1. Could you tell me which numbered condition Glu479 fails, if it satisfies all but one of (1) open to solvent by 10 Å² or more (accessible area, probe 1.4 Å); (2) closer than 30 Å to Pro634 by Cα; (3) within 16 Å of the ligand (Cβ to nearest atom)?
2. Quick check, is Pro489 away from the ligand (no atom under 12 Å from the Cβ), farther than 27 Å from Ser588 by Cβ and crowded, with 24+ Cβ neighbours inside 10 Å?
3. Take the range 361-393 and flag every residue that is of a type outside the set (Gly, Ala, Ser), open to solvent by less than 20 Å² (accessible area, probe 1.4 Å) and under 30 Å from Thr305 (Cβ atoms).
4. Which of the numbered conditions does Lys432 fail, given that it passes all the others? Conditions: (1) within 26 Å of Asn464 (Cα to Cα); (2) open to solvent by 10 Å² or more (accessible area, probe 1.4 Å); (3) touching a strand residue (DSSP E or B) at 6+ places or on another chain (Cβ under 9 Å).
5. Determine whether the range 289-303 contains at least one residue that is more than 24 Å from Thr451 (Cα to Cα) and either out of contact with any strand residue (DSSP E or B) (no Cβ under 6 Å at 6 or more places or on another chain) or more than 16 Å from the ligand (Cβ to nearest atom) (or both).
6. Looking only at the range 422-437, decide whether some residue is outside any helix (DSSP H, G or I) and within 16 Å of the ligand (Cβ to nearest atom).
7. Can you name the number of the only condition in (1) closer than 27 Å to His522 by Cα; (2) touching a Phe, Trp or Tyr at 6+ places or on another chain (Cβ under 9 Å); (3) crowded, with 20+ Cβ neighbours inside 10 Å that Thr776 fails?
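The values are calculated or read from the model by the stated rules, or taken from the named source; none is laboratory data. All values reported here derive from a predicted model rather than from experimental measurement. Please note: Cβ atoms are built from the backbone with ideal geometry, for glycine as well, and neighbour counts cover all protein chains shown. Please note that ligands, DNA and RNA were not included when accessible areas were found on the heavy atoms of the full protein model with its side chains. Shrake-Rupley method; radii C 1.70, N 1.55, O 1.52, S 1.80 Å.
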Amino acid sequence: MFRIIQIAVLSVLITLLIPSCSKEENVSIKDLNFNSNWLFLKDSINGETAILNDDTWRKLDLPHDWAIEGSFSNEHNARTGGLPVTGTAWYRKHFTIDEQYKHKIVSVEFDGAMNNAKVWLNGNYIGERPYGYIGFEFNLTPFLKFGQDNVLSVQLSPKDLSARWYPGAGIYRNVRLKINEPTHVPQWGTYITTPVVTKQKAEVHIETKILNSQNKPASILLETSILNSSGTVVSTSEKLITINKKTSHKSKTIATVENPELWDLKTPNLYTAVNKISIDGIIVDEYETTFGIRTIRVTKEDGFTLNGKNIKFQGVCLHHDQGPLGAAINYRAKQRQLQIMKSMGVNALRTSHNPPSPEILKVCDELGIVVIVEAFDEWKLGKVENGYHLYFDKWHEKDLRDMIKRDRNHPSVIMWSIGNEILEQSKKDGWKITKELNDICHDEDPTRPTTVGFNYFPAPFKNNLANYVDVVGMNYWPEEYSNILRDHPDMIVYGSETSSMTSSRGVYHLPIDYDEKHETNHVSSYDVIVGPPWAYAPDIEFDALEKEPRALGEFIWTGFDYLGEPTPYGGRDNSTNGYWNDDWPSRSAYFAPVDLCGFPKDRYYLYQSQWTTEPMVHVLPHWNWEGQEGKNIPVIAYTNCEEVELFVNGKSYGKKIKGKDLTEIPSEYHGFKKGMYKSKYRLSWNVPYQPGSLKVVAYKNGKAITSKEIKTAGTPTNIKLVTDRENINANGVDLAYVTVRVEDKDGNLCPNADTLITFNVDGEGSLAAVGNGDQTSMASFQATNRKAFNGLCLAILKSSKKEGKITISATANGLKSDELKISSKK
Ligand code: GAL
């Protein structure tokens with residue numbers, strides 16, 4: 001929902017003077033990017049004062065996350081990533097707005113600031129917003145000095161013990177300046193629904209809020225057009241409206257779109273509604289809203305349906321960080337994360353445990369991923385000393401309403417989650433807040449169901465909380481889905497959080513000993529070792545969902561490894577002292593099938609084997625077991641085909657049939673149910689190690705259909721750079737992700753290589769960050785070198801605003817270097 005024109009004067013020369021920005025002329029885009037040229041100081045001073053010498057402050061562009069700049073230390077809380085996420089910091093921005101705008105309304109919009117934001121303009125306090133994940137807007141007009149220097153000061157003061165994961169720190173989302181005519185569509189001013197959809201036509205209901213802040217009534221013409229994804233106008237309508245002085249009006253338009261192109265997972269078609277407001281023939285505002293035409297329903301008979309078709313959630317929970325880039329929002333980083341998720345078979349996302357950035361929802365709209373938008377991790381009862389519970393009473397209603405108003409036009413959004421594992425579950429009157437929040441959601445958006453992620457059982461059922469949401473999410477209770485549905489026949493249930501298994505990419509501890517603790521602080525990728533006491537292998541969830549098809553599906557914890565919560569190394573059982581640093585050095589989560597850099601772990605393929613249909617087969621472990629010649633090595637295959645045959649150096653070790661040949665894994669979860677579970681989702685062999693080739697061939701209907709081969713790698717000789725994109729946008733924010741492989745002379749990945757690689761970047765771009773996915777590495781993400789972790793590391797390049805080539809070279813002692821060129825164009 002982005003505004004494109006908000007000013008009246010036709011082809012007037014509009015001059016917005018922002019020092020250090022060039023003069024812009026004929027500006028028609030009025031959602032002015034307000035990210036450039038901020039000043040930053042991390043100090044507890046009185047940074048709000050208008051007259052203050054800030055010449056020496058650091059100059060930077062937003063979005064900015066000061067904590068990711070480091071450095072890691074066990075002085076900081078390992079639970080929040082061992083990074084400096086706390087303290088007081090100031091951001092200041094000087095700007096000038098031409099006098100000709102004196103009669104306009106000027107406001108500033110933040111998509112989120114972490115956290116406890118307090119804002120002043122020219123020394124005048126204009127407002128605050130404690131919750132770091134919510135967007136907010138302030139009207140600057142009353143204190144603005146037109147034609148002169150203005151200074152906007154933002155104080156942030158994130159406290160220690162205020163998060164259970166890495167929150168980032170700073171103005172980490174986008175900021176915009178808006179210059180509106182007194183009569184305009186205000187922030188989040190449209191609400192679009194598509195209640196009637198057939199093959200032939202769709203009814204599009206558009207509610208538009210128009211604010212008339214003038215001291216006289218306004219007679220306006222509201223013209224609404226709908227454009228399809230190719231920009232063709234497919235519907236138009238107009239209305240004459242009179243709005244009283246100093247008041248707002250909600251106009252309802254019902255438009256018809258013939259032969260609608262539906263928003264669906266495979267064809268995420270989008271439309272744009274353009275609202276134009278004119279007074280006396282002059283356009284005073286033009287407001288664009290992206291939406292989709294689709295129907296969603298959740299019923300106990302048909303489960304979740306999108307456009308009438310049942311869809312099972314193959315979902316992931318994701319925290320908001322972008323690995324080595326930290327929390328500073330970047331559209332391409334989000335797009336890549338969700339593309340990787342999609343390639344694993346993901347069709348659903350839960351924005352755990354907070355309102356997402358607008359960019360995440362845009363990406364999900366574009367990729368065809370349905371989303372549960374979650375509001376809170378705490379209500380009145382706190383999980384961490386300085387968590388949201390401190391602000392709940394004063395802010396929860398506004399935060400929740402604003403979240404829904406902002407996000408309700410996204411076709412990808414299908415449910416509102418009012419909380420995660422809220423401690424009120426155990427309280428007799430916990431249902432009261434549940435009801436209140438549920439009612440707020442329905443009031444703002446009656447078209448979507450509400451949900452919550454419960455982790456206690458059976459408390460929320462006994463205490464009635466579960467009766468006050470539309471869909472019951474259960475965290476880590478797959479064995480109870482059927483019992484819940486038996487005891488509460490009207491309820492609808494799904495796994496809002498599942499598995500929480502842990503692993504480190506490319507690490508295999510032999511023999512498999514089912515012991516979670518290892519002196520390296522790594523967890524084996526055999527994926528038999530579990531995690532926290534509530535964790536269990538993905539196989540157990542697959543099984544439960546097959547046995548209980550009425551459950552709507554699952555959201556695994558998590559899709560990507562994230563910063564903070566390094567369970568099981570730290571954060572395991574000793575939360576009592578507040579700091580979870582007992583197993584330092586570990587600073588990021590082990591939970592996901594994909595590491596912090598986006599490199600798949602073996603578990604990625606286990607999910608792929610269950611969630612995708614394009615024939616695939618995967619084999620583990622690596623095949624470099626020097627010194628173990630002749631000893632038996634457990635070999636595991638994941639496939640979505642019927643049978644897999646294993647070959648070592650061309651010799652067959654037999655075919656295994658999926659569903660018939662089972663693999664034993666531990667079944668421990670919730671600290672009880674100890675024992676072994678026989679998984680039909682893994683095929684396994686024990687084969688004597690001999691160097692050479694390990695190959696799996698997958699069969700369907702008796703025919704070999706796909707295969708994968710791993711070869712024993714020789715000594716590392718080469719660096720190989722592989723980019724995810726050869727052409728990027730010269731906009732100063734686009735990224736190229738360059739995978740760095742340490743290879744032998746034949747191009748085999750050296751699976752144990754930990755070589756230090758040094759980078760040099762030239763041309764129209766820079767090195768934005770480096771990483772390697774090792775949860776125990778304390779090396780800075782902003783260094784110019786990085787050790788490989790099990791053969792791989794990552795360099796992230798960022799474009800500048802100038803077109804040209806970006807060249808990255810990678811060198812290491814004893815290895816042949818590599819170089820890569822990326823084109824950056826407007
Ligand atoms: C859940 C919680 C998540 C995460 C996870 C780790 O109980 O909701 O935020 O902490 O455990 O297993």
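1. (3)
2. On the way: away from the ligand (no atom under 12 Å from the Cβ): yes; farther than 27 Å from Ser588 by Cβ: yes; crowded, with 24+ Cβ neighbours inside 10 Å: no.
No: the conditions fail for Pro489.
3. Correct list: Leu361, Val363, Cys364, Asp365, Ile369, Val370, Val371, Ile372, Val373, Glu374, Phe376, Asp377.
4. (3)
5. Here is the first cut: in the range 289-303, the residues more than 24 Å from Thr451 (Cα to Cα) are 289-290.
Adding the requirement that they be either out of contact with any strand residue (DSSP E or B) (no Cβ under 6 Å at 6 or more places or on another chain) or more than 16 Å from the ligand (Cβ to nearest atom) (or both) leaves 289-290.
Yes.
6. Here is the first cut: in the range 422-437, the residues outside any helix (DSSP H, G or I) are 422, 427-429.
Going one step further and asking which of them are within 16 Å of the ligand (Cβ to nearest atom), we end up with 422.
Scanning the range 422-437, I find at least one residue that is outside any helix (DSSP H, G or I) and within 16 Å of the ligand (Cβ to nearest atom), so the answer is yes.
7. So Thr776 meets the others, but not (3).
Residue-wise test of (1) open to solvent by less than 30 Å² (accessible area, probe 1.4 Å); (2) in contact (Cβ under 8 Å) with a residue 24 or more places away in the chain; (3) under 28 Å from Pro63 (Cα atoms).
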residue	(1), (2), (3)
Ile241	yes, yes, no
Lys250	no, yes, no
Arg294	yes, yes, no
Thr305	yes, no, no
Pro324	yes, yes, yes
Arg332	yes, yes, yes
Leu349	yes, yes, yes
